[in-house]
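**Student:** Below is one structure. I have some questions about it.
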Amino acid sequence: MRAAGPIAARVLEALADSRRRSISVAEDRAWLSQWTKDPNALLESMADSQLLYRVGRGRYVVAPRGTFSATQAAPAELIAALILGARGDYFISYLTALIDYRLTDLHSTTIYAGIRQAGTFDVTSVALPDGTLRLVRLSPRNWPVDRDRELTRVRALADTKEFIWRATMERALVDGLSRPDLAAGLETVIGCWARARQSDADWDLVCAICARRGRSMERRCALLLRLLGLDAVAKRNFPNLSGRGASTPLDRSNSFELSPEQITRDRDTGVLVNVPEDHLRGWIAAAATP
Amino acid sequence: MDRCGGDAVIDYPNDRAIAAAAEKHGIPAPVLIRDLVRVVEVLNLKNQDFFSARSVLAGSMGLRCFDSPRFTVYDADFSTSSDTINPPTAMKAKLAYSDDDLEIAPADLVPHDQGGTAWKSAPVCFTPVFTSLIPNEDDRSFKADVSFRGMLVDGLEVPFKLPYDLAIWDDDPAVWIMDPHETLAEKILGWGAHRQVKHYADLAYIAIVSRPGNGRLIELDYACAREVLDGKLAVMSQLQPDVYAAFPNIDALIADLLAKPQLDGAQWTEIMYLRDQRARFNPALLEVAVTHILVPGLRGG
């Protein structure tokens, strides 16, 4: 089944020489055309022979000898990147990035990625070989403006020239707080923020990203920093923040469904703490103990 | 050709067997592989005489010896003493492991609390030559938490059970695990202080499988459980007075358990159960188990 014909062998050799694990009809048509008139048929034929695994329309990863599924050939994030990269800007964030930074001990087969609101995707999720790619459309205001500080280009596999765009830790923390439903809930988000204290997180950058995303995110961020004992950072970055007239829910996913009497309002930030306060304290304390 | 390995402590399964087990149990293959690696780690420590009545496997990996269907994803918990490991940093050499198919390289042990009674090695990185089902290098690590807080009850030596059928050994090896009374106490304190869904889930499981009758897996003596809980609360209140201030005695902890739990729905979906148990272990069952079985038991009812 796996015997490669002479042209297929050349394709595989060329990919190996260029330290690549993936190939696509759209991007590789030019050099494939030197060997075949129909690059699409060639790659399909190689996939039929299990020399490649198909991971999206016209997109494939090389099938290493002895493997039987695409999940052995490439990490899910690389497969997601292959699908997304062909259609425009993207970055991996939310729960996926929080796991990548080991800010949580969870594992998820869903890969979360931000894409531009004006992107060409007309779906919100895409099936992966062993999971799901969940797409999050972001408005221009919520799209990273400081690419160097909010995004990082990560090598997908050692010894390859395949890269993934991933949110920086700071951006991932903010994304989680903005959408707890895409980050395994507020327990996970708070735990990640608490654990990030033990890392080299740039809290001023966290504040800057929150500030750009609006007053509500500023308020949530300020409250959370205070709970984490980082009051000075909050005061430095949000000197004019006042809670007057504001009612911003801390947990946008509202997953605890507290009654109005159970919800308190933080006077300094105007945040409605729609999460049991003992839970908040407990999650933060848990990040400091096994 | 299904098996490989020289002086390995398990028979490493091949990729097709791993993929089949992952599919059958609804566990992502990288998570199952990380679990296999932690199993190797446990046996590695056993071979180095780490385990005894006073030096045990704790937490959810210990609970699996009582058929717990909850699959812990990343950490491995151990409880020991300075009689076994001294100084705590010496644990790094014990955790290191290598055979033809697997290499485990722990990070330095660092204190995890102010009193220096809990240490961790993170990440414990591994190179799993036996499989290609974990291509993401970020997945190739776990965390080892090592408590030196001392145990109140001797551990139990029991068969080390796997929640999946990969035939990695002929007979279940014996391993020392934390006595379930002490595990119960740790989980009650964990829920009271940290409000993490996983603790509540484990409490409910212990309650369910300790009921008398067919299917009883844990012999729970509630009088003993109260005594251990009392001792554990005293220890933890001394170590972390702020965290346990709301619980001046065990009756406060038990009363807290009686309250309807507020479980974060999103977090709940991330708790990983074996596929065939997933529907059974739902929030409603857990609440009933804790409030109608565990609490009355602890109150002597």
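**Student:** Under 6 Å between Cβ atoms, which residue pairs at least 6 apart in sequence (or on different chains) link something in segment B:143-160 that is modelled with pLDDT of 95 or more with a partner that is aromatic (Phe, Trp, Tyr)?
**Tutor:** If the second residue must be aromatic (Phe, Trp, Tyr), the pairs left are B:Lys143/B:Tyr74; B:Val146/B:Phe78; B:Val146/B:Trp119; B:Gly155/B:Trp176; B:Glu157/B:Trp176.
**Student:** Could I ask something else about it? Can you name the residue in segment B:253-275 that is in contact (Cβ under 8 Å) with a residue 12 or more places away in the chain, surrounded by fewer than 16 Cβ atoms within 10 Å (Cβ to Cβ) and not in a loop (DSSP other than H, G, I, E, B) and is also farthest from the other protein chains (Cβ to nearest Cβ) among such residues?
**Tutor:** Taking the candidates together, the pick is B:Leu258.
**Student:** Please pick out the residue among B:Ser81, B:Ser98 that is in contact with a strand residue (DSSP E or B) (Cβ under 9 Å, 6 or more places away or on another chain), away from chain A (no Cβ under 12 Å) and modelled with pLDDT under 95.
**Tutor:** On the way: B:Ser98 fails: modelled with pLDDT under 95.
Checking each option against the conditions leaves just B:Ser81.
**Student:** If I ask for residues that are assigned to a loop (DSSP other than H, G, I, E, B) and among the small types (Gly, Ala, Ser), which ones from segment B:223-252 would you list? Explain how you work it out, then say what you get.
**Tutor:** Restricting attention to segment B:223-252, the residues satisfying the condition of being assigned to a loop (DSSP other than H, G, I, E, B) are B:240-249.
Answer for segment B:223-252, where residues must be assigned to a loop (DSSP other than H, G, I, E, B) and among the small types (Gly, Ala, Ser): B:Ala245, B:Ala246.
**Student:** Please determine, by comparing only the residues of segment B:101-134 that are among the aromatic types (Phe, Trp, Tyr) and closer than 18 Å to B:Asp77 by Cβ, which one is modelled with the lowest pLDDT.
**Tutor:** Result: B:Trp119.
**Student:** Across segment B:84-95, which residue is farthest from the other protein chains (Cβ to nearest Cβ) among those that are touching a residue at least 40 places away in the same chain (Cβ under 8 Å) and within 20 Å of B:Val175 (Cα to Cα)? Let's see the steps before the verdict.
**Tutor:** Step one: filter segment B:84-95 for residues touching a residue at least 40 places away in the same chain (Cβ under 8 Å), giving B:85, B:88, B:91, B:94-95.
From what is left, the residues that are within 20 Å of B:Val175 (Cα to Cα) are B:85, B:91, B:94-95.
Working: B:Ile85: 15, B:Met91: 13, B:Lys94: 18, B:Leu95: 15 Å.
Filtering segment B:84-95 for residues that are touching a residue at least 40 places away in the same chain (Cβ under 8 Å) and within 20 Å of B:Val175 (Cα to Cα), the one farthest from the other protein chains (Cβ to nearest Cβ) comes out as B:Lys94.
**Student:** Then there's this: Which of (1) more than 10 Å from the chain's Cα centre (by Cα); (2) small (Gly, Ala, Ser); (3) closer than 14 Å to B:Pro180 by Cα is the odd one out, the single condition B:Gly59 does not satisfy?
**Tutor:** Failing condition for B:Gly59: (1).
**Student:** For the structure I just gave you, tell me whether A:Val233 is touching a Cys at 6+ places or on another chain (Cβ under 8 Å) and either of a type outside the set (Phe, Trp, Tyr) or farther than 26 Å from B:Leu263 by Cα (or both). Steps first, please.
**Tutor:** On the way: touching a Cys at 6+ places or on another chain (Cβ under 8 Å): yes; either of a type outside the set (Phe, Trp, Tyr) or farther than 26 Å from B:Leu263 by Cα (or both): yes.
Yes: the conditions hold for A:Val233.
**Student:** Can you give me the number of residues within segment B:107-155 that are over 27 Å from B:Pro28 (Cβ atoms), away from chain A (no Cβ under 11 Å) and among the aliphatic types (A, V, I, L, M)?
**Tutor:** The total comes to 4.
**Student:** Collect the residues in segment B:184-234 that are within 14 Å of chain A (Cβ to nearest Cβ), closer than 21 Å to B:Phe148 by Cα and β-branched (Val, Ile, Thr), keeping them in residue-number order.
**Tutor:** Scanning segment B:184-234 gives a single hit, B:Ile188.
**Student:** Within segment A:246-290, track down each residue that is more than 8 Å from every other protein chain (Cβ to nearest Cβ) and among the polar types (S, T, N, Q).
**Tutor:** A:Ser247, A:Thr248, A:Asn254, A:Ser259, A:Gln262, A:Thr264, A:Thr269, A:Asn274 - these are the residues of segment A:246-290 that are more than 8 Å from every other protein chain (Cβ to nearest Cβ) and among the polar types (S, T, N, Q).
**Student:** Tell me, yes or no, whether segment A:33-55 has at least one residue that is among the charged types (D, E, K, R) and crowded, with 21+ Cβ neighbours inside 10 Å. Spell out how you get there, then give the answer.
**Tutor:** Start the filter on segment A:33-55 by keeping residues that are among the charged types (D, E, K, R), which leaves A:37-38, A:44, A:48, A:54.
Add one more test, that the residue is crowded, with 21+ Cβ neighbours inside 10 Å, and what stays is none.
Checked against the condition, which is being among the charged types (D, E, K, R) and crowded, with 21+ Cβ neighbours inside 10 Å, segment A:33-55 yields no hits at all.
**Student:** Still on this structure, please answer the following. Within segment B:18-61, can you find the residues that are of a type in the set (A, V, I, L, M, F, W, C), part of a helix (DSSP H, G or I) and within 12 Å of chain A (Cβ to nearest Cβ)? Explain how you work it out, then say what you get.
**Tutor:** Going residue by residue through segment B:18-61, those that are of a type in the set (A, V, I, L, M, F, W, C) are B:18-22, B:27, B:29, B:31-33, B:36-37, B:39-40, B:42-43, B:45, B:50-51, B:53, B:56-58, B:61.
Narrowing further to those that are part of a helix (DSSP H, G or I): B:18-22, B:29, B:31-33, B:36-37, B:39-40, B:42-43, B:45, B:61.
Selection gives B:Ile18, B:Ala19, B:Ala20, B:Ala22, B:Ala29, B:Val31, B:Leu32, B:Ile33.
**Student:** Something else: Among the candidates B:Ala207, B:Ala174, B:Ala185, B:Ala223, single out the residue that is modelled with pLDDT of 95 or more, crowded, with 23+ Cβ neighbours inside 10 Å and more than 15 Å from the chain's Cα centre (by Cα).
**Tutor:** Working: B:Ala174 fails: crowded, with 23+ Cβ neighbours inside 10 Å; B:Ala185 fails: more than 15 Å from the chain's Cα centre (by Cα); B:Ala223 fails: crowded, with 23+ Cβ neighbours inside 10 Å.
Answer to the check: B:Ala207.
**Student:** Taking A:Thr152 as the residue in question, decide whether it is out of contact with any Asp or Glu (no Cβ under 8 Å at 6 or more places or on another chain), at pLDDT 95 or above and of a type in the set (Ser, Thr, Tyr). Spell out the reasoning first.
**Tutor:** Values: out of contact with any Asp or Glu (no Cβ under 8 Å at 6 or more places or on another chain): yes; at pLDDT 95 or above: yes; of a type in the set (Ser, Thr, Tyr): yes.
When the stated conditions are applied, A:Thr152 passes them.
**Student:** With the checklist (1) β-branched (Val, Ile, Thr); (2) within 22 Å of the chain's Cα centre (by Cα); (3) farther than 25 Å from B:Thr117 by Cα in hand, flag the one item B:Ile254 doesn't pass.
**Tutor:** With (1) β-branched (Val, Ile, Thr); (2) within 22 Å of the chain's Cα centre (by Cα); (3) farther than 25 Å from B:Thr117 by Cα applied to B:Ile254, the lone miss is (2).
**Student:** Further, regarding this structure: Return the only residue of A:Val62, A:Val55 being among the β-branched types (Val, Ile, Thr), at pLDDT below 95 and within 22 Å of A:Thr109 (Cα to Cα). So that I can check it myself, show each step before the final result.
**Tutor:** Values: A:Val62 fails: at pLDDT below 95.
Unique residue meeting the criteria: A:Val55.
**Student:** Related question: Which condition breaks for B:Ser60 when tested against (1) more than 17 Å from B:Ser121 (Cα to Cα); (2) without any contact (Cβ under 8 Å) to a residue 12 or more places away in the chain; (3) not aliphatic (A, V, I, L, M)?
**Tutor:** Checking B:Ser60 against (1) more than 17 Å from B:Ser121 (Cα to Cα); (2) without any contact (Cβ under 8 Å) to a residue 12 or more places away in the chain; (3) not aliphatic (A, V, I, L, M), the one that fails is (2).
**Student:** Could you say which residue among B:Asp77, B:Asp35, B:Asp67, B:Asp100 is among the charged types (D, E, K, R) and more than 20 Å from the chain's Cα centre (by Cα)? Before you say what the answer is, go through the steps one by one.
**Tutor:** On the way: B:Asp77 fails: more than 20 Å from the chain's Cα centre (by Cα); B:Asp35 fails: more than 20 Å from the chain's Cα centre (by Cα); B:Asp67 fails: more than 20 Å from the chain's Cα centre (by Cα).
Just a single option satisfies the conditions, and that option is B:Asp100.
**Student:** Let me ask something else about it. Could you check how many residues of segment B:72-103 are loosely packed, with under 15 Cβ neighbours inside 10 Å and polar (S, T, N, Q)?
**Tutor:** Count: 4.
**Student:** Please go through segment A:82-95 and give me each residue that is under 23 Å from A:Glu187 (Cα atoms) and either more than 10 Å from chain B (Cβ to nearest Cβ) or modelled with pLDDT under 95 (or both), ordered by number.
**Tutor:** First, pick out the residues of segment A:82-95 that are under 23 Å from A:Glu187 (Cα atoms): A:92-95.
A:Ile92, A:Ser93, A:Tyr94, listed by residue number.
Yes/no per residue for (1) more than 13 Å from the chain's Cα centre (by Cα); (2) more than 25 Å from A:Pro6 (Cα to Cα); (3) charged (D, E, K, R):
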{"position": "A:Met46", "(1), (2), (3)": "yes, no, no"}
{"position": "A:Arg57", "(1), (2), (3)": "yes, no, yes"}
{"position": "A:Val61", "(1), (2), (3)": "yes, no, no"}
{"position": "A:Ala73", "(1), (2), (3)": "yes, no, no"}
{"position": "A:Leu78", "(1), (2), (3)": "no, yes, no"}
{"position": "A:Ile83", "(1), (2), (3)": "yes, yes, no"}
{"position": "A:Gly88", "(1), (2), (3)": "yes, yes, no"}
{"position": "A:Ile92", "(1), (2), (3)": "no, yes, no"}
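The values are calculated or read from the model by the stated rules, or taken from the named source; none is laboratory data. Note that the coordinates shown come from a computational prediction; the quantities given were computed from them, not determined experimentally. Glycine gets a Cβ as well: all are built from the backbone with ideal geometry, and neighbour counts include every protein chain shown.
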